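Report on the structure given below.
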Amino acid sequence: MLPLAAGLPSLCAVCRRWSRGGICEGCLQRFAPVVPRCLQCGLVVRGALRCGACVLRDDAPVQRTVTAVDYAFPWDGLIAGFKFRQRLDLAGALSALLLAAVEREGVRPDLVVPVPLAAGRLRGRGYNQAWEIARRVARQLGLSAHPAVLLRLRETAHQLGLGEGERVRNVSNAFLVDPKQVRRVAGRRIALVDDVATSGATGDEAARALRAAGASEVALWVVARTPSTA
Ligand SMILES: [Zn+2]
Ligand SMILES: [Zn+2]
């Protein structure tokens, strides 16, 4: 049961039936089953704590990924609406999904930060969708959150249309910890929040900037992870 389920009746964001909470129990069971995922990257994995790629990787800047759902129907449509069509009304339902996943994992970071947008894109959209999720999840857990510890130095093309190598190049050196905020990061365990992880390249690059500023550990918390095509 999602924490929001204790709230007032509202229309389920998926099926539009009345329910208590952002997403009804039936849709959660059908579309958001709890499945075993790689601790490190969030891909679905059976019979192991880490997927094969992560086992071979010892330089990962993200130590742990918490993922609520796969980026697939109906979450892909809801997240696109939330992000590109001003559907801020979906922030509560999407945050509740991530919150439930974080609570299942029982992780407690020192600080919650969103993957930032570049200034121009933030002005155009009017909000950073990652911060809208991050601040709600942090509030429910009683954790500190800050919207602008990480800066995005330049806007990057959307990762979805790119191949693996292009994704890494696309976000390379795109992030920096605001020099005025380094004291919030140094020696701390940080949870980095995003709406979607496509390949993990954006999360890795943002986490690298946090580690360079002295973060002792970085976890990536995402509502949805693009499933492996392998
Ligand atoms: Zn429903
Ligand atoms: Zn993995």
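The values are calculated or read from the model by the stated rules, or taken from the named source; none is laboratory data. All values reported here derive from a predicted model rather than from experimental measurement. No Cβ is skipped: glycine too gets one built from the backbone with ideal geometry, and neighbour counts run over all protein chains shown. Ligands, DNA and RNA are stripped out before the accessible areas are found, and what is left, the full protein with its side chains, is counted by its heavy atoms. Shrake-Rupley method; radii C 1.70, N 1.55, O 1.52, S 1.80 Å.
Can you name the condition, by its number, that Ala118 falls short on among (1) at pLDDT below 95; (2) open to solvent by 20 Å² or more (accessible area, probe 1.4 Å); (3) not basic (Lys, Arg)?
Against the list (1) at pLDDT below 95; (2) open to solvent by 20 Å² or more (accessible area, probe 1.4 Å); (3) not basic (Lys, Arg), Ala118 comes up short only on (2).
Would you tally the residues in segment 41-62 being out of contact with any Pro (no Cβ under 9 Å at 6 or more places or on another chain) and open to solvent by less than 60 Å² (accessible area, probe 1.4 Å)?
Qualifying residue count for the region: 8.
Taking into account only those residues within segment 4-16 that are more than 10 Å from ligand 1 (Cβ to nearest atom) and open to solvent by 50 Å² or more (accessible area, probe 1.4 Å), which is modelled with the highest pLDDT?
My answer is Pro9.
Quick one: which helices (runs of 4 or more DSSP H) lie wholly within segment 161-230 and hold at least 1 residues that are at negative phi, surrounded by fewer than 20 Cβ atoms within 10 Å (Cβ to Cβ) and modelled with pLDDT of 95 or more?
So the answer is 182-185, 201-212.
May I ask you to list the residues in segment 20-42 that are of a type in the set (S, T, N, Q) and either within 16 Å of ligand 2 (Cβ to nearest atom) or under 18 Å from Ala197 (Cα atoms) (or both)?
Matches in segment 20-42: Gln40 only.
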